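One structure is given here, and the rest of the page talks about it.
The values are calculated or read from the model by the stated rules, or taken from the named source; none is laboratory data. Source: prediction; values computed, not measured. Quick reminder, even Gly has a Cβ in these numbers, built from the backbone with ideal geometry, and neighbours come from all protein chains shown.
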Amino acid sequence: MPNNEIIFEGKNLVKEFGHGKTLCTALKGMNFQIKEGEIVTLVGGSACGKSVLAKHMLGFLQPTKGEFLYRGKKITNQRDHWQDVQPIFQDPFSAFNQFYTIREQLEDSFNVFYKKPSKAEVKKRVDDALLAVNVQPSELEGKFPFELSGGQMQRMLLARIFALKPKVLIADEATSMVDACVRANILDYLMKLKEELNMTIIFITHDIGLAYYVSDRIFIVDDGQIVEQGTPDEVALTPKTAVTRHLLDDIPDIHKPWIVRNGHAQ
Ligand SMILES: Nc1ncnc2c1ncn2[C@@H]1O[C@H](COP(=O)(O)OP(=O)(O)O)[C@@H](O)[C@H]1O
Ligand SMILES: [Mg+2]
């Protein structure tokens, strides 16, 4: 359950790239707060600024103007930040090196920590994480990334998160490359992480239907701004902006759970 600690806060957050004729303002003054234990989904079309915001959350980018805070402070040291905040990215193949076994890479991912657990502890945590995503550790012995399917690799990214147990997870389009069945599985695993660890999860998608299922709150992002924030029901039943209505209209009726749940169309 969300408690009251504010994990991320944006105060008139602006991010610009380039200058003069090449100036691109990716974030145009975002204001928001995200609390510990919340699942917040950023929903919006392509190039609206979702990944740029995610990169601030990971400490990869600093704001041009305004403020971006983690637990009330600016992120000044990336390595410190990564003790707590970890990503799952869209493309699992680019996240793993093809020349090392998956097992080695899962174990090496503990190198991010200042206090690395013992070798035996690392091995046990990787085994447990593989079991958590329904993979028998023995099946993976000696396997390289190119020997696995896209869906299996996506699971390996999740296993990495189960092993590291970060306080905050940033999942940027983590389910967009996989089929519906694998996607449902991944979402189940994310829910399990939230339940077991009270993990704060920032989920990023262009699919507002998916957002409705998984989120405590939804932020609608458009053209570098958060144009609407609310609970899934607030956003789905009483959309306040044309952008939100447009995103809702794009979902086939059969996939609109709020119609069934509330017994009427919006
Ligand atoms: N490093 C960069 N340099 C220049 N422009 C960038 C950079 N990163 C993102 N942008 C621009 O910022 C805008 C938002 O990008 P992004 O956040 O990646 O969109 P999305 O919502 O699809 O994730 C886009 O117009 C993109 O071209
Ligand atoms: Mg993106």
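The set of residues in segment 91-117 being within 16 Å of ligand 1 (Cβ to nearest atom) and part of a loop (DSSP other than H, G, I, E, B) consists of Asp91 alone. Filtered by the rule that a residue be outside any helix (DSSP H, G or I) and either more than 26 Å from the chain's Cα centre (by Cα) or not aromatic (Phe, Trp, Tyr) (or both), segment 125-144 gives Val133, Asn134, Val135, Gln136, Glu141, Gly142, Lys143. Considering (1) crowded, with 18+ Cβ neighbours inside 10 Å; (2) at pLDDT 95 or above; (3) in contact with a Lys or Arg (Cβ under 9 Å, 6 or more places away or on another chain), the lone condition that Tyr70 does not fulfil carries the number (3). Screening the candidates Val227, Val235, Val221, Val182 for the property of being modelled with pLDDT of 95 or more, part of a helix (DSSP H, G or I) and not acidic (Asp, Glu) yields one hit, Val235.
State whether the residues of segment 73-84 include one that is within 16 Å of ligand 1 (Cβ to nearest atom), of a type in the set (S, T, N, Q), without any contact (Cβ under 8 Å) to a residue 24 or more places away in the chain and assigned to a loop (DSSP other than H, G, I, E, B). For segment 73-84, residues within 16 Å of ligand 1 (Cβ to nearest atom), of a type in the set (S, T, N, Q), without any contact (Cβ under 8 Å) to a residue 24 or more places away in the chain and assigned to a loop (DSSP other than H, G, I, E, B): absent.
Checked against (1) touching a strand residue (DSSP E or B) at 6+ places or on another chain (Cβ under 9 Å); (2) within 16 Å of ligand 1 (Cβ to nearest atom); (3) touching a residue at least 12 places away in the same chain (Cβ under 8 Å), Gln154 meets all criteria but (2). Scanning segment 4-45 for residues that are free of Cβ contacts under 8 Å to residues at least 40 places away in the same chain and either aliphatic (A, V, I, L, M) or assigned to a loop (DSSP other than H, G, I, E, B) (or both) gives Asn4, Gly18, His19, Leu23. Looking across Gly29, Gly49, one residue alone is at positive phi and buried (at least 17 other Cβ atoms within 10 Å of the Cβ). It is Gly49. No other residue among Ile7, Ile88 is away from ligand 1 (no atom under 12 Å from the Cβ) and either modelled with pLDDT of 95 or more or among the hydroxyl-bearing types (Ser, Thr, Tyr) (or both) apart from Ile7. For the residues Phe144, Phe162, the requirement of being aromatic (Phe, Trp, Tyr), more than 16 Å from ligand 1 (Cβ to nearest atom), within 30 Å of Arg79 (Cβ to Cβ) and surrounded by fewer than 21 Cβ atoms within 10 Å (Cβ to Cβ) singles out Phe144.
Here Phe60 meets the list (1) closer than 25 Å to His246 by Cα; (2) within 16 Å of ligand 2 (Cβ to nearest atom) almost entirely, failing just condition (1).
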